[in-house]
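First comes the structure, then the notes that go with it.
Taken together, the values in this text are just the output of simple stated rules run on the coordinates, not laboratory data. Bear in mind the structure is a predicted one, so any value in this text is a computation, not a measurement. When we count neighbours, we look across all protein chains shown, and the Cβ atoms used for this are built from the backbone with ideal geometry, even at glycine.
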Amino acid sequence: MNNNESTTELIVRAAAGNTDAMSTLYATLYPEIKRVARSRLAQAGGVTGLNATALVHEGFMRMAEREGLLGDTRVQFFAYIGKVLRSIVIDFIRSRDAEKRGGGATLLTLSHADATADAWLPAVDVAALDEALERLKAIDLGMYQTAELHFFCGMTIEETAEARAVSARTVNREITKARALLGAWLEIAPS
């Protein structure tokens, strides 16, 4: 990347399908993407057989297979990265558990983007959580997007509000509702 080319310009070019821009963007943001990957793996309770480097590389391969990126800002890029990494972890766990013929539940801990533990959902089965999120998506797409960006993509409330083009107050309200619904569906007692 030359000195005059910003990350935003790379994202816009990558979103338009420019593979050179995608490669440069990925190399430039690799440390941050790897941090997100480590966070996703930690949330999944330390998935054995999948490490942050492998997760990042698999994420790049999935993104490279598609024509361009979704979004054209840094916040949207990391929201997209978070979604891709989450889907890889869920696919990996489902595949592994299928090989075990219905092996034990995989635990997932959610935390706030600001790195403080969020005790509202201490640990759940990843597949059950994915089903609950799909149920949330069917009921309220905006609330689902907020939950996904905040809990899984690691975005702060302000970043989530910016990505969704809503107020921080709306994000707080949707997070509260999402916690209540997901907790009820996953049979988790409120804290």
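Tabulated data
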{"read-out": "R0 of 35 Å, Cβ-Cβ distance LEU141-SER23: FRET efficiency to nearest 0.05", "value": "0.60"}
{"read-out": "Inter-label distance for LEU186 and ARG35, nm, one decimal - labels placed 7 Å from Cα along Cα-to-Cβ", "value": "2.4 nm"}
{"read-out": "Spin-label pair SER167/ALA64, simplified geometry with 7 Å Cα→Cβ offset, distance in nm", "value": "4.5 nm"}
{"read-out": "Note, ³J(HN,Hα) from phi for the range 128-138, Karplus 6.51, -1.76, 1.60, rounded to Hz, x at Gly and Pro", "value": "5, 5, 4, 5, 5, 5, 5, 5, 4, 4, 5"}
{"read-out": "Order by protection proxy (mean Cβ within 10 Å, highest first), peptides 26-35, 158-167", "value": "158-167, 26-35"}
